[in-house]
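**Student:** One structure coming up, written as structure tokens, with questions to follow.
The values are calculated or read from the model by the stated rules, or taken from the named source; none is laboratory data. The structure displayed is predicted, hence computed values, not measured ones. Positions of Cβ are backbone-derived with ideal geometry, glycine not excepted, and every protein chain shown enters the neighbour counts.
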Amino acid sequence: MIKLLDFSENLENRKIIECPELSNNIIFKKYNASEGNIVKVSQNQFVCVFEKGRVLDIKENQGNYILKSVDTKDEVFDKIWENLVVRKAENEGLCVLFFNTSIIKHNKYIINDPIKFKNWKNGEVSDIRINLEGYYDFKIEDPKMMLSKVIGLRNLFTKQELIEKVRKYIICSIEEGINELSDEYKLDIDTLVLESDKLEIKLKQNEYDLKLLEYGVKLTYFDIKEFKINQKKFKFF
């Protein structure tokens, strides 16, 4: 079986597979590979080696590794990864997949269909419907979960494609988050945005993005820049 082994020798005359162009817009990128190639893993990258739809090895530490056949088995690795088969990739040859594990920043959300907000006023709560706009950040928390949800092993997968897949879960997470914040601080709609910086703390403390985690995605931040009640618009800068 092909594995990624530490390599500290001279890199001259070696084919090097690396992915320096992983940006805020790219989630993962695939390269064809051969035994003997050097795989260069950079900071904030998670690398998987595939063949015929199965994961042969992974690396998440920065460094140089050589693709090499070994006879030994890694029982811990096999227990975690052996049952994962990437759909529509059964005929793929040996390849290396680079995941972007950096925080993907400054993604705009617009909630046009009004969501419920628990509005506290003078100690009493009532439900109102609001439209929201703002920005959120996310990261790939679990590449294995993402691989199990991605249809086919493609050469390139962008953040926009991922966002389209998980948009409804992002909106649900935001709705649950702002209502939890409202309950704790007894917020009325006028003070919601002023307290929205606490949403990041809530994200780290609680698990209202569990549906996103099923796709291997975790929200790390979101804010509110604008909201509407009964078509009246309020902007925050």
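**Student:** For segment 107-123, give me each residue that is charged (D, E, K, R) and closer than 12 Å to S182 by Cα.
**Tutor:** Hits for segment 107-123 are K116, K118, K121.
**Student:** For segment 87-128, enumerate the residues that are under 30 Å from V41 (Cα atoms), touching a residue at least 60 places away in the same chain (Cβ under 8 Å) and among the polar types (S, T, N, Q).
**Tutor:** N100, S102 - these are the residues of segment 87-128 that are under 30 Å from V41 (Cα atoms), touching a residue at least 60 places away in the same chain (Cβ under 8 Å) and among the polar types (S, T, N, Q).
**Student:** I want to confirm something. Restricting to segment 131-149 and keeping residues that are in a helix (DSSP H, G or I) and in contact with an Asp or Glu (Cβ under 8 Å, 6 or more places away or on another chain), which single residue is nearest to N44 (Cα to Cα)?
**Tutor:** M145
**Student:** Can you confirm whether segment 44-65 contains a residue that is among the charged types (D, E, K, R), in contact (Cβ under 8 Å) with a residue 60 or more places away in the chain and in a strand (DSSP E or B)?
**Tutor:** no
**Student:** Quick check on my filter: what residues within segment 25-43 are out of contact with any Lys or Arg (no Cβ under 6 Å at 6 or more places or on another chain) and not in a strand (DSSP E or B)? Even if it seems obvious, please write down each step before you answer.
**Tutor:** Step one: of segment 25-43, the residues out of contact with any Lys or Arg (no Cβ under 6 Å at 6 or more places or on another chain) are 26, 28-36, 39-40, 42-43.
Hits for segment 25-43 are A33, S34, E35, G36, S42, Q43.
**Student:** Which condition does N10 not pass, out of (1) over 21 Å from the mean Cα position of the chain (by Cα); (2) in contact (Cβ under 8 Å) with a residue 12 or more places away in the chain; (3) over 22 Å from R154 (Cα atoms), if it passes all the others?
**Tutor:** (2)
**Student:** Got a sec? Which of I80, I110 is within 24 Å of the chain's Cα centre (by Cα), closer than 25 Å to L162 by Cα, of a type in the set (A, V, I, L, M) and not assigned by TED's automatic domain parsing to the domain that holds F7? Write out each step before concluding.
**Tutor:** Working: I80 fails: not assigned by TED's automatic domain parsing to the domain that holds F7.
It is I110.
**Student:** Could you list, in sequence order, the residues of segment 19-43 that are over 25 Å from N83 (Cα atoms), touching a residue at least 60 places away in the same chain (Cβ under 8 Å) and buried (at least 17 other Cβ atoms within 10 Å of the Cβ)?
**Tutor:** C19, L22, I26
**Student:** Now a separate question. Here are some conditions: (1) under 29 Å from P114 (Cα atoms); (2) part of a helix (DSSP H, G or I); (3) of a type in the set (A, V, I, L, M, F, W, C). I128 meets all but one. Which one does it not meet?
**Tutor:** (2)
**Student:** In segment 86-117, what residues are in contact with a helix residue (DSSP H, G or I) (Cβ under 9 Å, 6 or more places away or on another chain), assigned to a strand (DSSP E or B) and surrounded by 14 or more Cβ atoms within 10 Å (Cβ to Cβ)?
**Tutor:** The answer is L97, F99, N100, I104, N107, Y109, I111, I115, F117.
**Student:** If you don't mind, another one. Just wondering, is there one or more residues in segment 141-154 that are out of contact with any strand residue (DSSP E or B) (no Cβ under 6 Å at 6 or more places or on another chain), modelled with pLDDT of 90 or more and under 30 Å from L84 (Cα atoms)?
**Tutor:** yes
**Student:** Just one of the numbered conditions (1) among the charged types (D, E, K, R); (2) crowded, with 18+ Cβ neighbours inside 10 Å; (3) more than 19 Å from the chain's Cα centre (by Cα) is not true of E75; which one?
**Tutor:** Among (1) among the charged types (D, E, K, R); (2) crowded, with 18+ Cβ neighbours inside 10 Å; (3) more than 19 Å from the chain's Cα centre (by Cα), E75 violates only (2).
**Student:** Does segment 52-82 hold any residues that are touching a Phe, Trp or Tyr at 6+ places or on another chain (Cβ under 7 Å) and either small (G, A, S) or farther than 21 Å from T101 by Cα (or both), and which are they?
**Tutor:** Within segment 52-82, just I66 meets the criteria.
So that you can scan it fast, the table gives a plain yes or no per residue for (1) loosely packed, with under 15 Cβ neighbours inside 10 Å; (2) in contact (Cβ under 8 Å) with a residue 60 or more places away in the chain; (3) in contact with a Lys or Arg (Cβ under 9 Å, 6 or more places away or on another chain):
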residue: N155; (1), (2), (3): yes, yes, yes
residue: K159; (1), (2), (3): no, yes, no
residue: I163; (1), (2), (3): no, no, no
residue: V166; (1), (2), (3): no, no, yes
residue: C172; (1), (2), (3): no, no, yes
residue: N179; (1), (2), (3): no, yes, yes
residue: L187; (1), (2), (3): no, yes, yes
residue: T191; (1), (2), (3): yes, no, no
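**Student:** For Y135, only one of the following conditions fails: (1) surrounded by 15 or more Cβ atoms within 10 Å (Cβ to Cβ); (2) in contact with a His (Cβ under 9 Å, 6 or more places away or on another chain). What is its number?
**Tutor:** It fails just one condition, (1).
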